[in-house]
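**Q** Take this structure first; my questions come after.
The values are calculated or read from the model by the stated rules, or taken from the named source; none is laboratory data. Worth saying up front: this structure is predicted, and the values here are computed from it rather than measured. With ligands, DNA and RNA removed, areas are computed over all heavy atoms of the protein, side chains included. Shrake-Rupley method; radii C 1.70, N 1.55, O 1.52, S 1.80 Å.
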Amino acid sequence: METFLDCLPCMLQQILEASRMSTDDIKLQKRIMYEAISALSQYDSFKNSPEIVREIHSIVKTLTGNSDSYHQIKQKDLQVALSLYPKLKQLVESREDRLFWALKAAAIGNVLDSAIYLGYDIEANMDEELEKPFAFCDAYVLNQQLKEAKSILVIGDNAGETVFDCLLLEQLASLDLVYAVRSAPIINDATVEDAQASGIGRYAHIISTGCDLPGVLLDECSEAFLDIFYGADIVLSKGRGNYETLSDCDRDMYFLLKAKCPVLAGLLDVGLNEYVFKYKSIKNANNNDLLT
């Protein structure tokens, strides 16, 4: 997916926050911003937004020596998510359509996105988020495919979000489950260590994509991941960064996310902050509408 001009101010704000989390040295923060602005001026030389994000965050890592600026935020998000897990588990198990509500819970976890919602109080807003309907929901398609599927690959997004994904994996426990995450820390995205801390390992085999940006560039992924990606009966992708990098890939898959920015909402043809669970079929896709 191309990078839009509207994305650039958000990236600059994000790198300012990361610089302040990594160092108290104002001069160093200024140098980071100068170099980030220089990189952003070349935005059209990158394939997509996640590539740019990796580039500008590498500036923070190099200049401060801090390889994981969001470590404390990720730990906090994991603890908050784990505290909410019992309530959400009880909700899912009390509903007749458990798979639907597990999808909804997993989608709500996408709110734990420090790239956009730094400081968002998910505890205070949980009931409100649960009441929001899906703008698109292809749960029926998923249910039909599950009748014959034997394996599922879930591609995770943010660290705290992985706790909510456990609720979805529980409903798919009869299948061979693999859960893929980033190969190295980037923003608050989940790594193997984060996924293990959330309990994902109780339900799925955790692997790295082999890619260290906040998304999935298939030409940078490991052979082990690609074998699973193309071999799984079902692939379910979480979050915005994965959508940005996989929406035009050459296989059928599902996207589960919240449209947290106007650009993404417009591309998905939904309202801002609406939830989406959409199936992309290569057979039915065309150049202007990859999500059918």
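**Q** Which whole-number percent gives the relative contact order of the chain, counting Cα pairs below 8 Å spaced six or more residues apart?
**A** Relative contact order for the chain comes out at 18 percent.
**Q** Could you tell me the convex hull volume per residue, in Å³, taken over the Cα atoms of the range 173-292?
**A** Dividing the Cα hull volume of the range 173-292 by its residue count gives 116 Å³.
**Q** Please state, rounded to one decimal and in Å, the Kirkwood hydrodynamic radius that the range 38-88 gives when every pair of distinct Cα atoms enters the mean of 1/r.
**A** 13.3
**Q** Could you pull the Cα extents of the chain along its three principal axes, largest to smallest, in whole Å?
**A** Here the spans come out as 58, 43, 37 Å, largest first.
**Q** Ok, one more. Does the range 1-100 come out rounded, prolate or oblate by the C-alpha gyration tensor, with a ≥ b ≥ c the root eigenvalues, rounded set by a/c under 1.5 and, if not, prolate when a/b is larger than b/c and oblate if not?
**A** Oblate shape, in that a/c is at least 1.5 and b/c is the bigger or equal ratio.
**Q** Just the number please: accessible area per residue for the chain, 1.4 Å probe, all protein chains included, in Å².
**A** 44
**Q** Carbon and sulfur atoms: what percent of the 1.4 Å accessible area of the range 161-292 do they account for?
**A** The C+S portion of the solvent-accessible surface of the range 161-292 is 45 percent.
**Q** Follow-up question, since we're still on this one. Roughly speaking, what is the stretch gain from residue 141 to residue 96, that is 0.36 nm per residue apart minus the C-alpha to C-alpha distance, in nm to one decimal?
**A** Here the segment from residue 141 to residue 96 would lengthen by 14.4 nm.
**Q** A further question on this structure: Out of 168, 217, 272, any idea which swings most in a Gaussian network model of the chain, alpha carbons joined below 10 Å?
**A** Of 168, 217, 272, the most mobile in the Gaussian network model is 272.
**Q** Please build a GNM for the chain, connecting alpha carbons under 10 Å apart, and tell me which residue among 263, 163, 192 fluctuates the most.
**A** Among 263, 163, 192, the largest mean-square fluctuation in the Gaussian network model of the chain belongs to 263.
**Q** Now, a different point. Gaussian network model of the chain, Cα springs within a sub-10 Å range: biggest mean-square fluctuation belongs to which of 26, 73, 152?
**A** The residue with the greatest mean-square fluctuation here is 26.
**Q** Using the Cα atoms as the points, what is the convex hull volume per residue of the range 157-213 in Å³?
**A** Value for the range 157-213: 61 Å³ per residue.
**Q** Considering the Cα trace of the range 131-229, what is its radius of gyration and what is Dmax, both in angstroms?
**A** 13.9, 41
**Q** To continue, here is another question. Give, in whole angstrom and from largest to smallest, the semi-axes √(5λ) of the equivalent ellipsoid of the range 180-243, with λ running over the eigenvalues of the Cα gyration tensor.
**A** 17, 15, 11
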